[in-house]
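Structure first, then comments.
The values are calculated or read from the model by the stated rules, or taken from the named source; none is laboratory data. Just so it is clear, the structure is predicted and the values come from calculations on it, not from any experiment. With ideal geometry, Cβ positions are generated from the backbone for all residues, glycine too; neighbour counts draw on all protein chains shown. Ligands, DNA and RNA are stripped out before the accessible areas are found, and what is left, the full protein with its side chains, is counted by its heavy atoms. Shrake-Rupley method; radii C 1.70, N 1.55, O 1.52, S 1.80 Å.
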Amino acid sequence: MKAIPYLAARLPQLLGRLLLCALFVTGIATAAQAQTDTTLTKSVVGKRWIVETRDGSVIQGVFLGQTDGGIRLQTDSAGEVVIPHTQIKSTKIVDDSRMRNGEYWFENPNATRYLFSPSAFSLKRGEAYYQNTYLVLNSFNYGITDNITLGGGFELISTFSGTPAFYLTPKATFEINNKWRAGGGLLYMNVIGLEEDFSGLGIGYGIVTYGNTDDNVTLGVGYGFVDDEFSKRPVLNLSGMKRISRRVGLVSENWLVPSDGYYGLISYGVRFMGERLTVDLAFINNGDIAESIAIGVPYVDFVIKFGK
């Protein structure tokens, strides 16, 4: 019991020491955080930033630093501006390679595919896109890793008719060097509800792509199958894309399909691009089609990208 009066007498002194320790630790943590923030700030000063504000405005400029009031940017048109922290929705550091004559060219949001055939570029982990073709074909793709994409889709009219057609499009790719990529995958299609015995059809393929996400060409070789019977000759595909401006690219997808000999299809069109959206307007043609429609059969699709 003698310990109680002793502790009571010593309590103010003990609390004082605990308070000093707490302040000391807090000071160290605050100093470390300040040092980290300062180091981070110095590392990105002079970089070009894109800042999106909460009201939907997008401001681009060279990062000058930040104050308690906000982020300082040196813009091309308005000089130095300060964007309050409370108004900032997102920030992005621009890769110098995306600048063309002083203009920021965002990444091609649909580099993994031409019209329907794939390139050897892949979605990043966590990225996804939805593609709609002719308003009836619906495709979904998701990046499982930076090199593996799982995809599939369905045809709308057959879904309502009671015999829904669906397809699967898994793909794996890898980088050879900074100009070449390769990969392979499967296009498999089947119909649910058919009375006759049918186990599906598709193409197993390999691809190689040369170029970057803006300007590239892809050669594909695959073997088609129906049920468990494979074709004896390969399906050949040659596709390419050329970005001609910040928001416009040219796209072409061309096929040689084994028949009595080979049956060819060519396509040519324009891709309109936003940071998360692309729209393709193209024509599919060959000698037989041109006899009826000189410019070919119109092709229309749009793609919406999600994720990073």
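Net charge of the neighbourhood of residue 153, taken over other residues with C-beta under 13 Å away and scored Lys/Arg +1, Asp/Glu -1, is -1.
Counting only Cα atoms, I'd like the Rg/Rh figure for the stretch 150-308, Kirkwood definition for Rh.
Numbers: Rg = 17.4 Å, Rh = 17.8 Å.
Over the Cα atoms of the stretch 150-308, Rg/Rh equals 0.98.
For the stretch 256-308, take every pair of Cα atoms, bin their distances at 10 Å starting from 0, and report each bin as a whole percent. The percentages, shortest bin first, are 23, 35, 27, 14, 2.
Under Stokes-Einstein, with the Kirkwood radius over Cα pairs as Rh, the value for the stretch 94-212 at 25 °C and 0.890 mPa s is 153 µm²/s.
Where is the GNM fluctuation largest for the chain (alpha-carbon springs, 10 angstrom cutoff): 99, 241, 189? Per the Cα network of the chain with a 10 Å cutoff, 99 tops the list.
The relative contact order of the chain, computed from alpha carbon pairs under 8 Å that lie at least 6 residues apart in sequence, is 11 percent. The stretch 96-142 to the stretch 191-235: how many Å between their Cα centroids? Centre-to-centre (Cα) distance: 20 Å. Please name which of 262, 284, 251 has its Cα lying farthest along the dipole of the stretch 193-298 towards the positive end, using unit charges on Cβ (Lys, Arg +1; Asp, Glu -1) and the Cα centre as origin. Of the options given, the answer is 251. Label reach from residue 87 (point 7 Å along Cα→C-beta): in the stretch 53-69, amide nitrogens under 11 Å belong to 53-59.
Could you work out the mean projected area of the convex hull around the alpha carbons of the chain, in square nanometres to one decimal?
On the way: hull surface 117.1 nm².
Projected over every direction and averaged, the Cα hull of the chain covers 29.3 nm².
What's the magnitude of the charge dipole for the chain around its Cα centre, counting Lys and Arg as +1 and Asp and Glu as -1 at the beta-carbon? Answer in Debye, nearest 20.
Working: 28 positive and 29 negative charges, 420 e Å.
Rounded to the nearest 20 debye, it is 2020 debye.
The angle separating the long axis of helix 3-44 from the principal Cα axis of greatest extent in the chain is about 40 degrees.
Rolling a 1.4 Å sphere over the protein heavy atoms, what is the accessible area per residue of the chain, to the nearest Å²? It would help to have the intermediate numbers written out before the result.
Values: 17980 Å² over 308 residues.
Using a 1.4 Å probe on heavy atoms only, each residue of the chain averages 58 Å².
Of the chymotrypsin sites (Phe, Trp or Tyr not before Pro) in the stretch 166-205, the ones in a loop by DSSP (not H, G, I, E or B) with at most 12 other beta carbons within 10 Å are 198.
Place the peptides 52-63, 294-305 in order of packing, highest mean first, counting for every residue the other Cβ atoms within 10 Å and averaging per peptide. Before the final figure, lay out each step's value.
Details: 52-63: 14.2, 294-305: 16.1.
Peptide ranking by packing, descending: 294-305, 52-63.
Within a straight-line Cα-Cα reach of under 17 Å, residue 171 can be paired with the following aspartates and glutamates, leaving aside sequence neighbours fewer than 8 residues apart in one chain: 127, 146.
Dimensions of the stretch 209-291 from C-alpha coordinates, computed as largest minus smallest value along each principal axis and given longest first, are 44, 31, 21 Å. Taking the Kirkwood radius as Rh and the Cα radius of gyration as Rg, the stretch 179-251 has a ratio of Rg/Rh equal to 1.15. Which part of the stretch 267-282 falls in the paramagnetic zone of residue 60, meaning amide N under 17 Å from the point 7 Å along Cα-to-beta-carbon? Residues 273-277 qualify, since their backbone N sits under 17 Å from the label point. Rg over Rh for the stretch 98-154 works out to 1.06, both radii taken from alpha-carbon positions and Rh defined as the Kirkwood radius.
Please go through the stretch 152-250 and write out the GluC sites (Glu not before Pro) that DSSP classes as loop and that have at most 15 other C-beta atoms within 10 Å.
Details: sites: 155, 175, 195, 196, 229; in loops: 195, 196.
Sparse-neighbourhood loop GluC sites (Glu not before Pro): 195, 196.
Could you work out what % of the accessible surface of the chain is carbon and sulfur, using a 1.4 angstrom probe and leaving DNA, RNA and ligands out of the count? Its accessible area is 65 percent carbon and sulfur atoms.
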